[in-house]
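Here the structure is laid out as C-alpha cells; the discussion comes afterwards.
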Amino acid sequence: MQEVLELIKERKSARTVFDPNHPVAPQELRQILEAARWSPTAHNMQNFEIIVVDDRKLLEAIGDIKYTISDTFIKENYQQLSFSEEELRRKKVGLLGTMFPPELRTPEVKPDETTDEKMVSSLGRLIQTSPVVLIVVYDPSKRAPASEGDFLGIMSLGCVMENMWFMAHSRGISFHVLSALSADPAEKEVKSLLNIPENLKIAFASRLGYPISTPTKYLRVRRDIEDFTHYNRFGNKSVD
Ligand SMILES: Cc1cc2nc3c(=O)[nH]c(=O)nc-3n(C[C@H](O)[C@H](O)[C@H](O)COP(=O)(O)O)c2cc1C
C-alpha cells in the first residue's frame, strides 16, 4: 500500500531536456502502452489511439511548429502563478512564476513575436531532443453515452494519461505532458505530419525519456486533505 502511495507522490512532471541518445527500450515502451490498454474508460469504450513518434525527422518537424500563445492563456496562466516559494506554499495550488519566461509572468506585458519565438524554441528543443513522443487522439463524435460535452470520455483520457505516467515513472522514465500540441493551430500541423484523420482530436501529447542532466528540484505543493474533504454535507469539515 505504502509503495503505491509513494509512487503516486513521487510521480512528477519532467520539464527538462532528455538525452536523445538514450532511447526508451521497446519492452519499456510496450509496458507503458500496456498500462494505457488497461485504463478505465467510460463504458469501456477505450476511446483512444496512440501514435508513438520516435522518427527523428518527424520529431524535428513537430519541434519546428510555431506554437502560438493566446491572450487567454497569458491571462489564465497568470492567475495560477505564485511569485515566491513562500506564496506558493501558502496558496498550496498553482505553479511558481519562475517556471515561465518573464513575458508570461506579467499580464501587463503584451507578448509579441519574440515571446512566441522564445517559447517555441524552448518547447521545440524539448521535443526534438526527446527519444519518443506519444500523441493520444480520440474521436469526439463517439461520446460516452449521454455524456454532455463527452465529459466522461475526456475523463477517461485522463485515466490513460495517469496510467502511462505511473508506469513510466515506475520504470525510471521521465514523462512530460505537452498540451501545446493539442491546441490550434499546432494541432492541425501535427495531425498533418502524422497522417492523423481529420475527425480525430489530439487529447494530449507527452515526451518520454531520460534527463540529460540531474533536473533542478522544484517546489511541488498540494492542498491538505482537510482543505478538500467534506463529511456528509458540503462544508462540513468534521468527521462526526
Ligand atoms: C491535463 C494536463 C495537462 C497538462 N499540460 C501540461 C503542459 O502542457 N506542460 C507542462 O509542462 N505540464 C503540463 N501538465 C503537468 C501539470 O502542470 C503538473 O502535473 C502539475 O503542475 C503538478 O506537478 P507535478 O506533475 O510535478 O506533480 C499537465 C497536466 C495535466 C493533468
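Below is a table of values for the structure above.
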read-out: Top-ranked residue in the stretch 77-95 [being in a loop (DSSP other than H, G, I, E, B) and either within 11 Å of the ligand (Cβ to nearest atom) or small (Gly, Ala, Ser) (or both); ranked as surrounded by the most Cβ atoms within 10 Å (Cβ to Cβ)]; value: 94
read-out: Hits in the stretch 119-142 - residues which are surrounded by fewer than 19 Cβ atoms within 10 Å (Cβ to Cβ) and either within 22 Å of residue 197 (Cβ to Cβ) or among the charged types (D, E, K, R) (or both); value: 125, 139, 140, 141, 142
read-out: Neighbours by Cβ (under 7 Å, 6+ apart or cross-chain): first from the stretch 1-26, within 16 Å of the ligand (Cβ to nearest atom); second hydroxyl-bearing (Ser, Thr, Tyr); value: 7/170; 14/174; 17/129; 18/129; 18/130; 18/174; 18/210
read-out: Matching option when the condition is farther than 30 Å from residue 4 by Cβ, among the acidic types (Asp, Glu), within 14 Å of the ligand (Cβ to nearest atom) and open to solvent by 10 Å² or more (accessible area, probe 1.4 Å), among 187, 198; value: 187
read-out: Some residue of the stretch 52-64 being within 16 Å of the ligand (Cβ to nearest atom), open to solvent by less than 80 Å² (accessible area, probe 1.4 Å) and under 21 Å from residue 137 (Cα atoms); value: yes
read-out: Unmet criterion (only one of (1) more than 15 Å from residue 62 (Cβ to Cβ); (2) in contact (Cβ under 8 Å) with a residue 40 or more places away in the chain; (3) outside any loop (DSSP other than H, G, I, E, B); (4) more than 15 Å from the ligand (Cβ to nearest atom)) for residue 175; value: (4)
read-out: Residues (in a helix (DSSP H, G or I) and either touching a residue at least 60 places away in the same chain (Cβ under 8 Å) or within 14 Å of the ligand (Cβ to nearest atom) (or both)) located in the stretch 34-50; value: 34, 35, 36, 42, 43
read-out: Extreme residue, farthest from the ligand (Cβ to nearest atom), among residues of the stretch 218-235 that are within 23 Å of residue 81 (Cβ to Cβ) and part of a loop (DSSP other than H, G, I, E, B); value: 224
read-out: When residues of the stretch 205-217 are limited to those that are within 16 Å of the ligand (Cβ to nearest atom) and within 24 Å of residue 181 (Cα to Cα), the one most open to solvent (accessible area, probe 1.4 Å); value: 215
read-out: Residue within the stretch 66-76 that is at pLDDT 95 or above and open to solvent by 50 Å² or more (accessible area, probe 1.4 Å) present; value: no
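The values are calculated or read from the model by the stated rules, or taken from the named source; none is laboratory data. Predicted model, so just to flag it, every value in this text is computed and none were measured. Backbone-built Cβ (ideal geometry, glycine too); neighbour counts: all protein chains shown. We work out accessible area using only protein heavy atoms, side chains counted, and drop any ligands, DNA or RNA first. Shrake-Rupley method; radii C 1.70, N 1.55, O 1.52, S 1.80 Å.
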